[in-house]
1. Does any residue of region 161-174 turn out to be in a loop (DSSP other than H, G, I, E, B), of a type outside the set (D, E, K, R), under 16 Å from the mean Cα position of the chain (by Cα) and at pLDDT 95 or above?
2. Is it the case that some residue within region 150-162 is basic (Lys, Arg), without any contact (Cβ under 8 Å) to a residue 60 or more places away in the chain and over 19 Å from residue 66 (Cα atoms)?
3. Is there any pair with a first residue in region 64-75 that is under 11 Å from residue 173 (Cα atoms) and a second that is exposed (fewer than 14 other Cβ atoms within 10 Å of the Cβ) and aliphatic (A, V, I, L, M) whose Cβ atoms are under 6 Å apart and which are 6 or more apart or on different chains, and what are they?
4. Regarding region 101-108, can at least one residue be identified that is touching a Ser or Thr at 6+ places or on another chain (Cβ under 6 Å) and either of a type in the set (A, V, I, L, M) or not in a strand (DSSP E or B) (or both)?
5. Would you confirm whether or not region 116-139 contains a residue that is touching a Lys or Arg at 6+ places or on another chain (Cβ under 8 Å), surrounded by fewer than 22 Cβ atoms within 10 Å (Cβ to Cβ) and at positive phi?
6. Take the residues in region 9-26 that are in a loop (DSSP other than H, G, I, E, B) and in contact with a strand residue (DSSP E or B) (Cβ under 9 Å, 6 or more places away or on another chain), then tell me which one is surrounded by the most Cβ atoms within 10 Å (Cβ to Cβ).
Amino acid sequence: MRGMEWIKLDATAMGVPLYRQLGFEPECAVERWGAIAGQARGKGELVWGGLPAFDRQVFGADRSELLAALAPLGKAAVADKGYAMARPGAQAAYFGPCVSQGTECAAELLAWFLSGHAGAPVYWDLLPHNTEAVRLARAHGFMPVRRLVRMIRRGVAGAAPLAHDDSRVFAIAGFEYG
């Protein structure tokens, strides 16, 4: 596994048995929520300050290369409180990742995203055990449309448990990114 301490993936129900055979264990559910973006008023242009250290602390791994690759597609941050990204998709615009110190900041970042997509279909992949993310999604008209299982496997024997804080993960980067 090329020295990776932990490997995570998001599996469909059909994929779970295969990944179990390869040593993966279920970690949590991941859901895609969809909506038609309503009118939202962002607080003007949010400034990107880059928050890779905060992301690493919350997510539990270094995703700086992934964040750098996604950033040119759309990004915003609230200084020292959180960030969000946006990107186009084949069927809908996509909100995520969004890592925030709290619901108020996440709501501001969501408003930034929705203000750029009023009337358009949008997706948001979230961890349903983050009840604040679910509450925020429902408040903006999002509904669950697809459920996957996040699975995890040690890549290196004896690797320390992967420390992460899902209460601050308001949107994942997507099923294909984690």
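1. No; the residues of region 161-174 include none that is in a loop (DSSP other than H, G, I, E, B), of a type outside the set (D, E, K, R), under 16 Å from the mean Cα position of the chain (by Cα) and at pLDDT 95 or above.
2. Within region 150-162, the first condition is being basic (Lys, Arg), and the residues that meet it are 150, 153-154.
Still in the list and also without any contact (Cβ under 8 Å) to a residue 60 or more places away in the chain: none.
No, region 150-162 has no match at all.
3. none
4. Just the residues of region 101-108 that are touching a Ser or Thr at 6+ places or on another chain (Cβ under 6 Å), to begin with: 106.
This time we only want the ones that are either of a type in the set (A, V, I, L, M) or not in a strand (DSSP E or B) (or both), so: 106.
There is at least one residue in region 101-108 that is touching a Ser or Thr at 6+ places or on another chain (Cβ under 6 Å) and either of a type in the set (A, V, I, L, M) or not in a strand (DSSP E or B) (or both).
5. no
6. Step one: of region 9-26, the residues in a loop (DSSP other than H, G, I, E, B) are 12-15, 22-24.
Next, only the ones that are in contact with a strand residue (DSSP E or B) (Cβ under 9 Å, 6 or more places away or on another chain) stay: 12-13, 15, 22-24.
Numbers: 12: 13, 13: 9, 15: 15, 22: 10, 23: 12, 24: 21.
Among them, the one singled out is 24.
Matching residues to (1) surrounded by fewer than 17 Cβ atoms within 10 Å (Cβ to Cβ); (2) modelled with pLDDT of 90 or more; (3) touching a His at 6+ places or on another chain (Cβ under 7 Å):
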position	(1), (2), (3)
63	no, no, no
70	no, no, no
79	yes, no, no
84	no, yes, no
89	yes, yes, no
94	no, yes, no
99	no, yes, no
108	no, yes, no
112	no, yes, no
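Here is a yes/no grid of residues against (1) in contact with a Cys (Cβ under 7 Å, 6 or more places away or on another chain); (2) within 18 Å of residue 141 (Cα to Cα):
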residue: 67; (1), (2): no, no
residue: 76; (1), (2): no, no
residue: 82; (1), (2): yes, no
residue: 90; (1), (2): no, no
residue: 100; (1), (2): no, no
residue: 104; (1), (2): no, yes
residue: 107; (1), (2): no, yes
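The values are calculated or read from the model by the stated rules, or taken from the named source; none is laboratory data. Every value quoted in this text rests on a predicted model; they were computed, and no experiment measured them. Neighbour counts run over all protein chains shown; Cβ positions are idealised from the backbone, glycine included.
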